[in-house]
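Data first, discussion second: the structure below is written as structure tokens.
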Amino acid sequence: MNAPPTNAPRTDTLTVPGATLHYEIRGSGPVLLMIHGGSGDAGVFEGVAGALADRYTVVTYDRRGNSRSPVDGPPQDMSVATDSEDAHLLLAALTDEPAHVFGSSSGAIVALDLLTRHPDRVRIAVPHEPPLFGVLPDAEEHIAFLRNVHAIYLRDGVGPAMEVFGARMGLDTEGPLPHTELPPQIRDLVTRMSGNTDHFLAHELLPVTNHLPDLTALAAVAPQLALAGGRDSRGFLPYRPNTVLAARFGIPITDFPGNHAGYLPHAPAFATQLATLLPR
């Protein structure tokens, strides 16, 4: 029998109030928890996690309601506080030490909430393009746009809604992925993400983008923050909320390769950049 790949993750589940979380662990060293955004799951970080497993114990998971993390009962609207508590319970089950936390998109909002609620459990939090549109001076315009995306979804379905949403978010700057040429694990990821898109549009889009962070609490933990954005996202909406946080807290934004989802096409370079922000 062939031995499993050395970078193959250990997988398990954790029962939390109202859901069961699928999670994966790779590597050794300080714990790094990675929190995906809407429509994603643990698989979006496979390339980055594999590249960092020689330096960190990388923990990835499917947020509740996505892919392999079912909720108890019918689908529910996403709650930042509930997802934040899920992340806290997962960390508590795996380590007694403070962990690094990376979150992208709505996962970045969860990471920020986790930092404010449980600062003793977080060493460095890296929020990559959190869609905190409520902190922007033209917030109402963007909230109205997102309500329109939701209305398009209800009227016309997933495809038209995501086309409008993706263009505003800068998600089309990388070009389409060649689905037929992808390795099996990535094809599986694409299939799972396609299945998650309904959940995102129906139950996450509006709750998460209407979320307002506790800026006073964040100011108190600003030394534990490392703001991140995509180099190709400049000029697009997802990059802007971190510019507000950077100005308010007097901290820089570190640019990463790619756009809002640069961790997928640029995993090795993305991992290298992330490691520069995380002490060991």
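A short reminder: the numbers here are calculations on the coordinates, not readings from a lab. Note that the structure is a prediction, hence the values are computed from the model and not measured. Note: ideal-geometry Cβ built from the backbone for every residue, glycine included; neighbour counts use all protein chains shown.
Lys and Arg at +1, Asp and Glu at -1: add these up for the other residues within a Cβ distance under 13 Å of Glu85 and post the number. Could the numbers behind the result be given before it?
On the way: positive: Arg63, Arg64, Arg117, Arg121; negative: Asp83, Asp86, Asp113.
The answer is +1.
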At R0 = 35 Å, how high is the FRET efficiency between Arg234 and Asp54 if r is their beta carbon distance? Nearest 0.05 is fine.
0.65
Mean residue ellipticity (222 nm) of the chain, computed from DSSP H runs ≥ 4 via -39,500 (n - 2.57), nearest 500:
-12000 deg cm²/dmol
May I ask you to derive the relative contact order of the range 10-276, considering only C-alpha pairs under 8 Å and at least 6 residues apart, and to give it as an integer percent?
22 percent
Based on other C-beta atoms within 10 Å, arrange Val208, Val221, Val31 from fewest to most.
Val221, Val31, Val208
Near Pro70, within a Cβ-to-Cβ distance under 14 Å, what is the net charge of the other residues, with Lys and Arg +1 and Asp and Glu -1?
0
Which of Leu52, His260, Ala151, positive extreme of dipole for the range 10-276 (C-beta unit charges)
Leu52
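Based on the alpha carbons, how large is the Rg to Rh ratio for the chain when Rh follows Kirkwood?
0.93
Can you sort Arg55, Arg64 so the residue with the fewest Cβ neighbours within 10 Å comes first?
Numbers: Arg55 16, Arg64 23.
With the fewest neighbours first, Arg55, Arg64 line up as Arg55, Arg64.
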Residue by residue through the range 257-274, the couplings from Karplus 6.51 cos²θ - 1.76 cosθ + 1.60 with θ = phi - 60°, in Hz, x for Gly and Pro, are x, x, 10, 4, 10, x, 5, 7, x, 10, 4, x, 5, 4, 4, 4, 5, 4
What size of dipole, in debye to the nearest 20, comes out for the chain about its Cα centre when the only charges are +1 on Lys and Arg C-beta atoms and -1 on Asp and Glu C-beta atoms?
440 debye
Using modelled amide H (1.01 Å from N, peptide plane; none on Pro or chain starts), what sits under 5 Å from the amide H of Gly38, excluding residues fewer than 5 places away?
Ser106, Gly107
Provide the per-residue ³J(HN,Hα) series for the range 156-161, in order, calculated from phi with Karplus coefficients 6.51, -1.76, 1.60 and θ = phi - 60°, each as a whole number of Hz, with x at glycine and proline positions.
10, x, 5, x, x, 5
Cβ-defined net charge surrounding Leu227, 15 Å radius [Lys, Arg +1; Asp, Glu -1]:
+2
So what are the ³J(HN,Hα) numbers for the range 46-62, from phi and the Karplus equation (6.51, -1.76, 1.60; θ = phi - 60°), rounded to whole Hz, Gly and Pro as x?
4, x, 5, 4, x, 6, 9, 5, 7, 10, 9, 8, 8, 10, 10, 7, 8
Whose amide H sits under 5 Å from the amide H of Val16, counting only residues 5 or more places off or on another chain, with H placed in the peptide plane?
Leu21
Describe numerically, in nm with one decimal, the distance between label points set 7 Å from Cα along Cα→Cβ at Phe249 and at Asn210.
2.6 nm
Please list the non-local residues whose amide H lies under 5 Å from the amide H of Gly103, H modeled 1.01 Å from N, same-chain partners needing a gap of 5 or more.
Ile35, Val126, His128
7 Å from Cα along Cα→Cβ at both Thr276 and Asp77: what's the point-to-point distance in nm?
4.1 nm
